[in-house]
Amino acid sequence: MPVDNRDIDISSVIRTPRQAKKRKRDHKDTEKFLSHGSEEEISKVCAGISQKRLFNDEECDEIERCINDVVRNGEKNMYNEHTVDRAPLRVKYFFGEGYTYGKQMNQKGPGQERLYQKGVVDPIPNWVFKKLVKPLEDCGMIKKKWITSAVINDYYPGGCIVSHVDPAHIFERPIVSVSFFSTAALSFGCKFSFKPIRVSDPVVCLPIPRGVVTSISGYSADSITHCIRPQDIRQRRAVIILRRTFDNAPRQGEDSSLVSHHRILNNHEDKRSSNRHRLSLDSHRDRRKHTRRSPRRSEGSHRDHDERASKRRKEEKPEEKDKKTKKKEGQNVEVKVVSTSLVQISNRKRAKPFFM
């Protein structure tokens, strides 16, 4: 049975540096999860977050055994190619639906993510529906038969996932996740820098204990990035993310966003927007036509160079010509001797025509 069905009071979990100084008796783990945003921004982020402590220790143990089975199957290559995505200190397992992100994307930028073709990713395991989805449906956190995608992120100490927003054109809201193995934190509004990896202070740092369900929507899901910082993963931690994909979400192999963008422009009711777009393209082409090319890159540059060199030779004084020829003769005496001797030898050995 679940330990507690009541919502966790988010305001009691969030700590600012000022509150941490006042509450010195707090546990060390909660003191390290500090939020550095303004009161207004913290309240906006927290308004879209809800948490429930839904699974007790025994239920967590069962689910963690199932997660370990998934890991073993992945190590034995028992899954499809796109089901498992490995990164340093983090392994991602896609079930039901998977999508391109990061380096896998042909075109970078938000809105360019694409679902994989159907059947490329393994189906959601039955234990996910039985042990996770059903309790969430019973407590009212998600609708019945709503989940189409389950992702397991398995983090090892020091593992992380960079700041991102779950693609709004692929996944409906809310985004529901359940944490296992250890306590970690979900950070909002961080900026990453690399070589070495560093993370800025979070606007909101939300502690996520083992067995707690977290649901994000609204501002926290769409208007601010979230991440897992490497300093917040001190022990192995796994999270199962449950989401629903849109029925019309774009898939790999379909028309690119650029083609769809031009199709929208051509079929748009307001013709002035498409005309402005066309005029801007025409003006860009005209500028390219009228821009002068540098003489080095022009087609006739080599020819012009040869003509100028020949004119210089004709205009040179005979004395200068003699000096240059003497210098060349002095430098290439040996070469000339060798070449003339070879010519003489070849003339001597040349056979006479048979009719002479």
Would it be correct to say that Val165 is closer than 17 Å to Ile49 by Cβ and surrounded by fewer than 18 Cβ atoms within 10 Å (Cβ to Cβ)? yes
Can you give me the number of residues within region 180-198 that are under 26 Å from Glu40 (Cα atoms) and either in contact (Cβ under 8 Å) with a residue 40 or more places away in the chain or surrounded by 19 or more Cβ atoms within 10 Å (Cβ to Cβ) (or both)? 7
Consider only pairs whose beta carbons are under 9 Å apart and that are at least six residues apart or on different chains; among these, list those whose first residue lies in region 214-234 and is over 12 Å from Leu186 (Cβ atoms) and whose second residue is open to solvent by less than 50 Å² (accessible area, probe 1.4 Å) and hydroxyl-bearing (Ser, Thr, Tyr). Ser217/Ser50; Arg234/Ser182
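The values are calculated or read from the model by the stated rules, or taken from the named source; none is laboratory data. A quick note: this is a predicted structure, and the numbers were derived from the prediction, not measured. For neighbour counting, all protein chains shown are included, and Cβ atoms are generated from backbone atoms with ideal geometry for every residue, glycine included. Quick note on the areas: whole protein, heavy atoms, side chains included, nothing else; ligands and nucleic acids left out. Shrake-Rupley method; radii C 1.70, N 1.55, O 1.52, S 1.80 Å.
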